[in-house]
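Participant: One structure is given below, represented as structure tokens, and several questions about it will come after.
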Amino acid sequence: MQGSHNLTVNSNWTNNGTYDPGTGTVTFNGTSTISGTTTSHEFYNITINATKTMTAPSDNINLYGNWLNNGIFNHNSGTITLLGTSDQNITSGNYPFYNLTVQNSSTGVNLLDNATVAYALSLVDGIFSTGSNYIISQDLTINAITNFSDQSFVYGNIRKYIGNGVTYPLPIGKGTSSTDYLRADLISAITGGTSYIDVSVDAITETSNNIDANLTSTQNGEDLTEVLGEDAIWTIIPNVQPTGTYGIRLYVANIGLDAGDDNFFCIVKRDGASADYSDWLSLDGSTTIPANDAAGRIYDSGNGYAERDGYTSFSQFSIAKWTSTLQVELVSFKGICKNNSAILSWQTYSEINNDYFIIEKSRDMVNFFEFTRVDGAGNSNVINSYEVKDNELFSGDNFYRLKQVDFDGTKETFNTIVINCDKSNDSEAIINVYPNPFRSVLKLYIENLNDHDVELIFLDETGRIVLKKSIFVTDKLYETSIDLKELKPAIYYLRLVSDLKVFNIKVTKQ
């Protein structure tokens, strides 16, 4: 049968030959089942009339025009493939598809009501525009949405049902151009509560309080300088907030980043009702980001993404940037006793024009002398690790101070640590702080004070107490970050008081 015929089917449709649909409409006006020896049933427009029923074949329907369901549709575990060469409109009538494939070589497919895909949504070609409606993906496996790209994604809203232990791709966009493609991933460790999330992405005009000048959050001790909200803000709304944790990946393609931003961008989060950039938070300390130069921190020729793990609630997300103002960004400076020697080790996140390090030593924390020099990495944006050994220890306390020297002779002094190998044993309490000087966040490294409360007392140079905080040390090797943005730049004396020992450390806020 050939030609652009409009046909009304009051019973079953059986195709054992060849049907050329042209541009005609087949209207199902009874209780109908599609069957036949062909494995791909070709239609242009399909209409199911009100109160009428159509049961699909268990193989494939190729649709070149519109789908209008005013009645009842039984998917029969089959596949509907949208193969139009012009815009196609889909009205599901709230009856689910089993497999739905978008392979439209024109501008794409328009969703005129909510549509559910019970198993696999395959985005091969063309943009799936939902308007204010939702494409609902019910399958809980990683293969629920496949084949997506910047040539085929969802412009509008995805409702994704989720389980535990699966990373779900969310191929979402803010428009119909390939440059509007702004993929996200959900890394689910959610054990309860949330059964689905609604996902969309948009961009804003930075104005009023939605401006970078209002940013107050930090990452790795550095102030965030820019949120890319004018490029993308992802909104994720759950049916209820989750039990357990999850991670998010936001892909950098079509975002204002390049390779020069490697290791200096991260995900930030704020309440969905916020209209103020001061509400963007990195949540550094309660969440984690990958290590420098790992996936999740690099641009990777536009194929990379930002990643953050450990979230416990959903809201709005974007990508923020910062610029390191430190020539050497120090991760840690630590010391331990081993076989009557002191082992000193330190790590850097990044180095700029770094010629060498100096380790200075003192017996009284007043008079220091140069103990040794270690070559720096010059320019580096990867983690570098260094270690030296001191076999000639003073009796009692040995103080070590780390300095960094640029190629032009500029010096920067970091924190001082103390080691006493005369009384060192497995139960000796040790506390180190870094970076020192610091900007907004001071990190503590604590050994052998597990299950103890530690009070942190900050005193100014006159001895006046300016701030108190308390922490509970949960592990034998314990690290934590203390947000100190309320302190003014100055020199402080940090007193750490536990029921085992009192520590006094001089720190500088820049």
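The values are calculated or read from the model by the stated rules, or taken from the named source; none is laboratory data. Computed from a predicted structure; not experimentally measured. For neighbour counting, all protein chains shown are included, and Cβ atoms are generated from backbone atoms with ideal geometry for every residue, glycine included.
Participant: Just need a number here: residues in the stretch 453-489 that are touching an Asp or Glu at 6+ places or on another chain (Cβ under 9 Å) and on the phi > 0 side of the Ramachandran plot.
Facilitator: Number satisfying all stated conditions: 0.
Participant: Tell me the residue from Ala56, Ala50 that is among the hydrophobic types (A, V, I, L, M, F, W, C) and surrounded by fewer than 18 Cβ atoms within 10 Å (Cβ to Cβ), please.
Facilitator: Details: Ala56 fails: surrounded by fewer than 18 Cβ atoms within 10 Å (Cβ to Cβ).
Unique residue meeting the criteria: Ala50.
Participant: Ile190 fails exactly one of the following numbered conditions: (1) surrounded by fewer than 16 Cβ atoms within 10 Å (Cβ to Cβ); (2) at pLDDT below 95; (3) in contact with a strand residue (DSSP E or B) (Cβ under 7 Å, 6 or more places away or on another chain). What is the number of that condition?
Facilitator: Unmet for Ile190, out of (1) surrounded by fewer than 16 Cβ atoms within 10 Å (Cβ to Cβ); (2) at pLDDT below 95; (3) in contact with a strand residue (DSSP E or B) (Cβ under 7 Å, 6 or more places away or on another chain): (1).
Participant: Report, by residue number, each residue of the stretch 203-224 that is under 19 Å from the mean Cα position of the chain (by Cα) and surrounded by fewer than 14 Cβ atoms within 10 Å (Cβ to Cβ).
Facilitator: Correct list: empty.
Participant: Something else: Can you tell me which residue among Ser345, Ser313 is surrounded by fewer than 22 Cβ atoms within 10 Å (Cβ to Cβ), modelled with pLDDT of 85 or more and not in a strand (DSSP E or B)?
Facilitator: When all the criteria are applied, what remains is Ser313.
Participant: Condition (residue is part of a loop (DSSP other than H, G, I, E, B), among the β-branched types (Val, Ile, Thr), closer than 30 Å to Ala259 by Cβ and not assigned by TED's automatic domain parsing to the domain that holds Lys485) applied to the stretch 383-391: is it met by at least one residue?
Facilitator: Yes, the stretch 383-391 contains a residue that is part of a loop (DSSP other than H, G, I, E, B), among the β-branched types (Val, Ile, Thr), closer than 30 Å to Ala259 by Cβ and not assigned by TED's automatic domain parsing to the domain that holds Lys485.
Participant: Next question, about the same structure. Among the candidates Ser106, Ser122, Ser132, Ser77, which residue alone is assigned by TED's automatic domain parsing to the domain that holds Thr25, part of a strand (DSSP E or B) and surrounded by fewer than 18 Cβ atoms within 10 Å (Cβ to Cβ)? Step through it out loud before you land on a result.
Facilitator: Details: Ser122 fails: surrounded by fewer than 18 Cβ atoms within 10 Å (Cβ to Cβ); Ser132 fails: part of a strand (DSSP E or B); Ser77 fails: part of a strand (DSSP E or B).
Checking each option against the conditions leaves just Ser106.
Participant: Something else now. Mind checking which residues of the stretch 284-308 are modelled with pLDDT of 95 or more and under 24 Å from Lys443 (Cβ atoms)?
Facilitator: Gly296, Ala306, Glu307, Arg308
Participant: Pull out all pairs, ordered by first then second residue, where Cβ-Cβ is under 6 Å, the residues are six or more apart or on different chains, the first lies in the stretch 228-240 and is closer than 25 Å to Gly256 by Cα, and the second is β-branched (Val, Ile, Thr) and part of a strand (DSSP E or B).
Facilitator: Here the result reads Leu228/Ile319; Ala232/Val201; Trp234/Val201; Ile236/Ile197; Ile236/Val199, each pair linking the stretch 228-240 to a residue that is β-branched (Val, Ile, Thr) and part of a strand (DSSP E or B).
Participant: Now, a different point. Take Thr179 and tell me if it is touching a residue at least 40 places away in the same chain (Cβ under 8 Å), under 19 Å from Trp280 (Cβ atoms) and surrounded by fewer than 19 Cβ atoms within 10 Å (Cβ to Cβ).
Facilitator: no
Participant: Checking the structure you have, find out if any residue of the stretch 326-334 is in contact with an Asp or Glu (Cβ under 8 Å, 6 or more places away or on another chain), modelled with pLDDT of 90 or more and not hydrophobic (A, V, I, L, M, F, W, C).
Facilitator: No: zero hits.
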